[in-house]
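The values are calculated or read from the model by the stated rules, or taken from the named source; none is laboratory data. Computed from a prediction, not measured in an experiment: that's the story for all the values here. Glycine also receives a Cβ, built like all others from the backbone with ideal geometry; neighbour counts cover every protein chain displayed. Side chains are part of the model used for accessible areas, which takes the heavy atoms of the whole protein and leaves out ligands, DNA and RNA. Shrake-Rupley method; radii C 1.70, N 1.55, O 1.52, S 1.80 Å.
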Amino acid sequence: MQLHQILTNHISFVSDKKLVLTSELQRKDFTRLKALLSRLGAQWDNKQSEFIFTRHAPSLVQRIIDLGSSNVNKFHLYPSTPKVFDFMKEFTPICYLGASGQRKLRVLEPSIGLCDLAMSLKDYLIQEGRDCILDGYDIDPLNVELSKQKGFNVQERDFLTVQPEPIYDLVLMNPPFDSSAFVDHVRHASRFLTPTGVLVSVIPVNMPRLLKDDVRHRWLMDRIRLYCPEQLEKGNFLDKDTFKNVSIDTTVISLNSESAYQKDLASARTLETQLCSLSLSIDNNLKELSLLSERNTEVFSAKTIDMFLTGFLDTKLNEELNLHPAFLKQFKQFIQDEYLPLTKRTPTHSLCLDNLLFGASLTKAA
Ligand SMILES: C[S@@+](CC[C@H](N)C(=O)[O-])C[C@H]1O[C@@H](n2cnc3c(N)ncnc32)[C@H](O)[C@@H]1O
């Protein structure tokens, strides 16, 4: 028997959360029905001979009748578990945003799903004596219906078509990941931030690497490199079992608004931080350190210089340290034009790369 036929002719709802069979099904049909309903979160209660749902059963079943059983997760709903929000509290500015308590935070959840992140945030803020006004969107009519039932202000829209209004202090999101859609969702959502606003998002970790040369992706990577490069390091990801039925690694990033990003990029403090990362990493790489502090060699061979500039700066620092590309270029130029020629001329000079780089940063900042 077709699943469609079973759902239209052989079931009935005892309540919003309970479904029973109205006729006996063959074993194989029952097994298929059970597998399908369990994907919607239902459990079979053997004693009562009924399926128990945690969500509104008639809407869920109607959705399958409308869309077809193969499209149950057409919009890539993978609800955030409490682990996601705990991670956000620990590693993002959520723990202090709006802590002055002077006014309610304005929050946007652009793909709200079943409100899991939204509810965690509300509960947390209330516990902390803070509050928020939260607006949400979702493309899936069922999610919108269920979110409204939970009391949230949610509109049924494709978020990517919503006209940005820069009014939100916080954008909290776990967007759809399919074919790198998350990059477009994060970028579009960033346009809704006030100048001092913060965007906190779950992202898949493998995607940035796969999409290395994609312009959209570079937009995101540049911002991650400035604000939270450590979140792309192994060991800093969300636990594997954080999302049900998701096998890829995921992490949480937090970015500032575009205007803040442009200001931060030009600030002396950022330059200093990037320089510190560079120096630290040279200090921790013995081969490169000895190369640069070699005093008894009269000249650096072209090969050595190339090894340092290409091998170390381009590859190692770029991939391991996630230095921002704007600074990487600047540091490379500096080492090539100023440091290496100077060392060549005065091979016994006790140059310290740190000092030179720091001097350069101060000159630039002045
Ligand atoms: C990974 S789930 C996350 C749900 C929720 N944010 C959470 O953390 O629990 C992604 C959600 O994005 C919604 N979605 C997919 N494409 C969308 C779009 N273009 N506009 C708005 N929502 C979308 C899906 O319906 C689904 O609810």
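Remarks
- Considering the stretch 36-179 at the alpha-carbon level, its Rg and Dmax are found to be 16.9, 54 Å.
- Long pairs among Lys122/Lys234; Lys122/Lys244; Lys83/Lys104; Lys89/Lys332; Lys47/Lys83, criterion Cα-Cα beyond 27 Å: Lys122/Lys234; Lys89/Lys332; Lys47/Lys83
- In a simple Cβ point-charge model (Lys, Arg +1; Asp, Glu -1; nothing else charged), the stretch 82-262 has a dipole of about 300 debye relative to its Cα centre.
- Accessible-area rank, largest first, for Arg269, Arg191: Arg269, Arg191, with all protein chains present and a 1.4 angstrom probe.
- Short-range pairs are left out: with C-alpha atoms under 8 Å and at least six residues apart, the relative contact order of the stretch 21-75 is 21 percent.
- For the stretch 255-271, the Karplus equation 6.51 cos²θ - 1.76 cosθ + 1.60, evaluated at θ = phi - 60°, returns couplings of 10, 8, 5, 5, 5, 5, 4, 5, 5, 4, 4, 8, 7, 5, 5, 5, 4 Hz by residue, with Gly and Pro reported as x.
- The apolar share of the surface of the stretch 96-191, taken as the fraction of accessible area on carbon and sulfur atoms (1.4 Å probe, ligands and nucleic acids excluded), comes to 45 percent.
- In the assembled protein chains, Lys74 presents an accessible area of approximately 100 Å² (probe radius 1.4 Å).
- Probe 1.4 Å - accessible area at Met173, Å² to nearest ten: 0
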